[in-house]
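First the structure, in the form of structure tokens, and then the observations on it.
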Amino acid sequence: MTIKETFLKNLSKIRGNTPDYKLADIIQCSKGTISKYLNAEQYPDLLPPFDGIYRICTHFKVSIDWLMGIDKKMETSETINIKELCSLISTLLESDKCKFQNITYKEECWEQYETDNNGYCEYSFAQRFKSNKYTAVFFPDYKTSKTEDDLLEFEQIGNLDRKNYHINNFIQKMLKANSLYKENGIDKEMYHDLIEKYISDLPDE
């Protein structure tokens with residue numbers, strides 16, 4: 001695959017429904033020029049200048065190395081922020097595809113304490129192991145009945161939630177691959193290749 005083909009392939013993954021004229025605005029070029037940048041057959045060696053590629057990466061929040069095919073894993077220029085993450089969690093709750101459950105997790109905590117040194121307060125941190133309470137999210141493999149229609153369906157085809165089944169299967173394979181990577185059983189590139197394969201194997205449902 002040529003550099004131009006790699007560029008166009010990765011660009012198609014991030015542009016979504018962004019029209020060509022909008023890409024031209026992002027790169028700051030004419031509509032005629034953007035059509036040449038997007039045409040691999042007639043212009044196989046023509047790419048946007050570096051500043052145009054930089055604007056694409058800044059706009060879509062991806063790295064230049066990924067866009068140009070140097071790095072196989074798409075690294076965003078900004079990590080997901082707290083608001084975006086909480087919005088995603090809220091969407092999961094509304095979708096009714098996952099459940100939340102209280103758990104207890106023992107962990108190392110360095111906590112501040114105060115001492116009195118001849119009338120002066122001094123603050124230090126000390127290590128403690130605490131059993132903290134959290135709320136965990138999980139995806140049940142089986143649906144619960146809410147209506148008589150649900151019960152009728154379960155009697156005919158069972159109550160397996162296939163989407164959640166595939167999610168849980170992916171999570172288990174991902175964790176095994178991650179364990180191998182952390183134990184130096186596979187390198188970073190192989191780990192990312194495995195994750196991409198696991199994702200591509202998921203059904204489009």
Top-ranked residue in segment 41-61 [being hydrophobic (A, V, I, L, M, F, W, C) and surrounded by 17 or more Cβ atoms within 10 Å (Cβ to Cβ); ranked as modelled with the lowest pLDDT]: 60
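Give me a count of the residues in segment 62-76 that are surrounded by 14 or more Cβ atoms within 10 Å (Cβ to Cβ), touching a residue at least 12 places away in the same chain (Cβ under 8 Å) and part of a loop (DSSP other than H, G, I, E, B). Break it down into steps so the answer makes sense when it comes.
Step one: of segment 62-76, the residues surrounded by 14 or more Cβ atoms within 10 Å (Cβ to Cβ) are 62-69, 71, 73-74.
From the residues that got through so far, the ones that are touching a residue at least 12 places away in the same chain (Cβ under 8 Å) too are 62-63, 66-69, 73-74.
Retained after the next criterion (residues that are part of a loop (DSSP other than H, G, I, E, B)): 62-63, 68-69, 73-74.
Summing the residues that are surrounded by 14 or more Cβ atoms within 10 Å (Cβ to Cβ), touching a residue at least 12 places away in the same chain (Cβ under 8 Å) and part of a loop (DSSP other than H, G, I, E, B) in segment 62-76 gives 6.
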Subset tally (residues that are over 20 Å from the mean Cα position of the chain (by Cα), modelled with pLDDT under 85 and of a type in the set (S, T, N, Q)) for segment 82-108: 0
Residue identified as more than 30 Å from residue 167 (Cβ to Cβ), exposed (fewer than 10 other Cβ atoms within 10 Å of the Cβ) and over 27 Å from the mean Cα position of the chain (by Cα) among 115, 147: 115
Of all residues making up segment 153-172, the number that are surrounded by 11 or more Cβ atoms within 10 Å (Cβ to Cβ), farther than 25 Å from residue 195 by Cβ and free of Cβ contacts under 8 Å to residues at least 12 places away in the same chain: 2
Given (1) modelled with pLDDT of 95 or more; (2) over 19 Å from the mean Cα position of the chain (by Cα); (3) assigned to a helix (DSSP H, G or I); (4) not β-branched (Val, Ile, Thr), number of the condition residue 172 does not satisfy: (2)
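Here are some residues: 105, 134, 54, 43. Which one is under 30 Å from residue 25 (Cβ atoms), hydroxyl-bearing (Ser, Thr, Tyr) and in contact (Cβ under 8 Å) with a residue 24 or more places away in the chain?
43
The values are calculated or read from the model by the stated rules, or taken from the named source; none is laboratory data. Worth saying up front: this structure is predicted, and the values here are computed from it rather than measured. Heads up, the Cβs are rebuilt from the backbone with ideal geometry, glycines too, and the neighbour counts pull from every protein chain shown.
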